[in-house]
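**Student:** Questions regarding the structure given below will be posed in turn.
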Amino acid sequence: MKLNIEPLKCIGCGLCEVVCSLNRDSVLTPMTSSIILHIEDKSNYFGLVLKTKSEGLVLGRPEGTASGQQASGASGPGAKPILLREPCDFCNGETKCVKICPTKCITVVD
Amino acid sequence: MYMANGRAGVVDLTSVEISELEIDEDSLLSGDAVSIAERLLSDIGGEGFVMGSGILTASLVPAACAGFVIGPPKDNGKRIAPLLGHAGAEFKLSGFDFLVVKGRASEPGYLWARDGMLEFVRAPEFKSLDSWGRTDKIRDSQGDKRIQVLSVGPWGDAGFDASQFVVDYWGGEDKSGLASELGRRNLMAIAFRGMGEFEVSDPEGHLKACLRIQADQIDRMGRSSGIESYDAAFAREDFKGLLHRPIACFGCPFPCRSFLKIHEDPRVMEHSHKEPGYLHYDIPALHKAFGSGMSAREATDVLIKCARAGAEPVSVLAESMRSVGNASASSIEKLLGSAHAVPRVGLDALKGGFAQSFGDAQQYMKCLGLGLCPRYWAKAGFSIEVVSECAELAIGVPLKG
């Protein structure tokens with residue numbers, strides 16, 4: 001199982017971030033999620049970064065999706081560096097980010 | 001306490017004293033954050049302003065993105081502006097449900113809230129910057145591009161009635177001149193970053209109820225094309241020709257925000273380092289610009305100029321029409337650069353504004369007081385009954401009607 005991201009379907013609502021933490025820690029916060037919404041307001045450039053066990057970081061950028069990036073350093077799109085976050089565990093098969101994404105920009109691929 | 005921090009930050013800018021005030025659980029769970037904010041404002045003698053969030057702000061309820069700013073009444077009218085985008089949720093996640101501001105700082109600066117901490121940061125250099133420059137400066141100096149910034153521009157500094165605050169560069173929320181409340185206190189911006197978390201009474205139940213309500217609303221409303229999905233007047237070819245992508249506020253499945261690019265090809269999705277466009281969600285301003293004969297490109301250019309100056313565009317366009325008989329980019333630029341106040345166009349004349357979402361002020365306050373976007377919920381169909389199940393599973397008690 002893996003998650004597929006179609007970045008141009010993303011509308012930047014951020015629900016995937018908070019539902020991820022709800023599954024992981026039973027709280028609402030974007031701080032502990034495995035998926036991070038990255039937004040650059042002035043250029044309306046936005047997409048998703050997903051930390052996976054098998055592919056490293058998956059970058060869902062408007063110009064395309066790329067995997068295999070390694071998490072590094074203390075910087076990153078979220079206030080908590082992605083290096084310190086847990087990789088996606090597919091919510092034990094429930095993939096809650098897939099369920100809540102209103103535009104289906106995140107889907108499950110077997 | 002579910003879905004709340006249980007506290008307000010209180011800032012006296014004159015003495016630079018910062019304190020905290022406990023907000024009791026019963027008040028917060030009432031779901032009427034606007035009344036709590038009015039009480040807090042009254043407690044400081046009405047001489048200041050209060051920023052607030054609702055009990056459902058940052059929850060999974062669709063479009064639970066709203067915070068608000070409330071200032072002292074003027075001309076017998078309530079002055080309240082929603083705080084949208086990701087700002088409402090981010091403010092609440094910064095560790096405060098409310099922020100009470102009074103006094104006047106001895107030099108320019110901004111308030112910085114994150115991780116339950118609040119400080120006044122002196123920034124004399126802000127005096128020479130416009131609202132966009134202030135937002136850039138804060139994000140650069142604090143090293144985080146996701147810091148949410150409510151900033152004022154030179155018009156707010158000057159205390160003009162027709163000023164507006166902008167949120168992350170964009171305007172549309174502040175139609176009551178609340179920016180002047182910040183400006184006259186030497187407060188150039190408020191910045192916040194959400195590092196907190198909220199416990200939920202029944203996490204699985206809350207998620208399932210919110211998924212049901214979201215699915216029902218998407219079934220009925222379909223997919224949004226941005227602002228034209230809220231007002232067909234913007235389905236014009238010149239507007240669509242500049243459309244880059246719609247973008248949503250936190251948790252919104254049907255965004256009203258359309259980003260237009262005017263200095264580069266809007267179809268290009270690669271990253272750009274220019275300042276190429278504007279996020280349109282100010283329906284009254286667009287109506288006024290198009291009604292003045294402007295094209296989508298000219299309207300976008302004018303709204304950028306107004307946002308940077310921290311000037312409310314409907315009032316600026318109306319004044320340009322009145323004083324020189326037209327509303328061209330050059331006449332607007334001249335007006336924005338002048339040191340003369342222009343009259344603020346009253347809320348009643350702002351068709352399509354957030355405050356006009358329901359045509360019923362009580363519904364508007366109820367929706368905003370819960371932390372829900374009034375524009376989205378007016379379209380989706382708001383009632384306490386509709387949101388009650390999602391809400392109760394989040395906060396553990398039934399919502400009051």
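All of the numbers you see were taken from the coordinates with simple rules; none came from a lab. The structure presented is a predicted model; accordingly, all values stated were derived computationally and were not measured. Glycine gets a Cβ as well: all are built from the backbone with ideal geometry, and neighbour counts include every protein chain shown.
**Student:** So, by mean Cβ neighbours within 10 angstrom, what's the order for B:69-76, B:324-331 with the highest one leading? Numbers along the way, then the final one.
**Tutor:** Numbers: B:69-76: 16.9, B:324-331: 14.8.
By packing density, highest mean first, the sequence is B:69-76, B:324-331.
**Student:** Per-residue mean of other chain beta-carbon atoms within 10 angstrom of the beta-carbon, peptide A:13-20?
**Tutor:** 6
**Student:** Can you tell me the dipole magnitude for the stretch B:1-153 around its Cα centre, using point charges on the Cβ only (Lys, Arg +1; Asp, Glu -1), in Debye to the nearest 20? Don't skip to the end; give the middle numbers.
**Tutor:** Details: 16 positive and 22 negative charges, 115 e Å.
Around 560 debye, computed over the stretch B:1-153.
**Student:** Separation between the B:N326 and A:S26 pseudo-spin-labels, each 7 Å from Cα along Cα→Cβ, expressed in nm?
**Tutor:** Those two pseudo-labels are separated by 6.7 nm.
**Student:** Calculate the mean, over all residues of peptide B:214-224, of how many other protein chain Cβ atoms lie within 10 angstrom of the residue's Cβ.
**Tutor:** Numbers: counts 5, 2, 0, 1, 3, 0, 0, 0, 0, 4, 3.
Neighbouring Cβ atoms belonging to other protein chains average 2 per residue here.
**Student:** Here's a follow-up. Each residue of the stretch B:122-129 in order: what ³J(HN,Hα) in whole Hz does its phi give by Karplus 6.51 cos²θ - 1.76 cosθ + 1.60, θ = phi - 60°, with x for Gly and Pro?
**Tutor:** 5, 8, x, 5, 5, 4, 8, 9
**Student:** If I model a spin label as a point 7 Å beyond the Cα along the Cα-Cβ vector, how far apart are those points for A:E63 and B:R212 in nm?
**Tutor:** In this crude label model, A:E63 to B:R212 measures out at 4.5 nm.
**Student:** Right, something else. If you average the sequence gap of Cα pairs under 8 Å that are 6 or more apart and divide by the length of chain B, what percent do you get for the contact order? Each step should come with its number before you reach the end.
**Tutor:** Values: 915 pairs, mean separation 80.0, N = 401.
So the answer I get is 20 percent.
**Student:** For the stretch B:82-88, take each phi angle, set θ = phi - 60°, evaluate the Karplus expression 6.51 cos²θ - 1.76 cosθ + 1.60, and give the result in whole Hz per residue in order, putting x for glycine and proline.
**Tutor:** Coupling constants for the stretch B:82-88: x, 10, 10, x, 9, 6, x Hz.
**Student:** Rounded, prolate or oblate: which fits the stretch A:2-109, taking a ≥ b ≥ c as square roots of the Cα gyration tensor eigenvalues, rounded meaning a/c under 1.5, else prolate when a/b beats b/c?
**Tutor:** Values: a/c = 1.23, a/b = 1.09, b/c = 1.13.
It comes out rounded by the Cα gyration axes.
**Student:** With a 10 Å Cβ neighbour count serving as the proxy for reagent exposure, in which order, fewest first, do B:L150, B:L28 appear?
**Tutor:** Working: B:L150 29, B:L28 24.
Ranking B:L150, B:L28 by Cβ neighbours within 10 Å, fewest first, gives B:L28, B:L150.
**Student:** For the stretch B:1-91, with the dipole built from +1 on Lys and Arg beta-carbon atoms and -1 on Asp and Glu ones, taken about the Cα centre, which of B:S15, B:G46, B:P73 lies farthest toward the positive end?
**Tutor:** B:P73
**Student:** I've got another one for you. Once you have a ≥ b ≥ c as the square roots of the Cα gyration tensor eigenvalues for the stretch A:1-57, tell me rounded if a/c is under 1.5, and otherwise prolate or oblate according to whether a/b is larger than b/c. Intermediate values should be presented prior to the final figure.
**Tutor:** Numbers: a/c = 2.06, a/b = 1.25, b/c = 1.65.
Judged from the Cα gyration tensor, the stretch A:1-57 comes out oblate (a/c at least 1.5, b/c at or above a/b).
**Student:** Along the charge dipole of the protein assembly as shown, Cβ charges K/R +1 and D/E -1, which of A:G56, B:I283, B:G371 sits furthest on the positive end?
**Tutor:** The one lying farthest along the dipole's positive direction is B:I283.
**Student:** Sum up the charges of everything whose Cβ sits under 9 Å from the Cβ of B:G171, counting Lys and Arg as +1 and Asp and Glu as -1, but leave B:G171 out.
**Tutor:** Numbers: positive: none; negative: B:E173, B:D174, B:D282, B:E312.
Neighbourhood net charge equals -4.
**Student:** Given labels modelled 7 Å from the Cα in the Cβ direction, how far is it in nm from B:D265 to B:D140?
**Tutor:** 3.0
**Student:** Please go through the residue pairs B:K351/B:K400; A:K80/B:K261; A:K51/A:K99 and name each one whose alpha carbons sit more than 20 Å apart in this structure.
**Tutor:** Working: B:K351/B:K400 30 Å; A:K80/B:K261 31 Å; A:K51/A:K99 18 Å.
Check vs 20 Å cut-off fails for B:K351/B:K400; A:K80/B:K261.
**Student:** State whether the stretch B:180-262 is rounded, prolate or oblate according to the following rule on the C-alpha gyration tensor (a ≥ b ≥ c being the square roots of its eigenvalues): a/c under 1.5 gives rounded; otherwise a/b larger than b/c gives prolate, and the remaining case gives oblate. Before the final figure, lay out the partial values.
**Tutor:** Values: a/c = 2.79, a/b = 1.05, b/c = 2.66.
Oblate, since a/c reaches 1.5 and b/c is not below a/b.
**Student:** I've got another one for you. HN-Hα J couplings of the stretch B:295-300 from phi, Karplus 6.51/-1.76/1.60, θ = phi - 60°, integer Hz, Gly and Pro as x?
**Tutor:** 7, 4, 5, 5, 4, 5
**Student:** Towards the positive end of the charge dipole of the stretch B:227-349, with charges on Cβ (+1 Lys, Arg; -1 Asp, Glu), say which of B:G337, B:P246, B:S295 has the farthest Cα.
**Tutor:** B:G337
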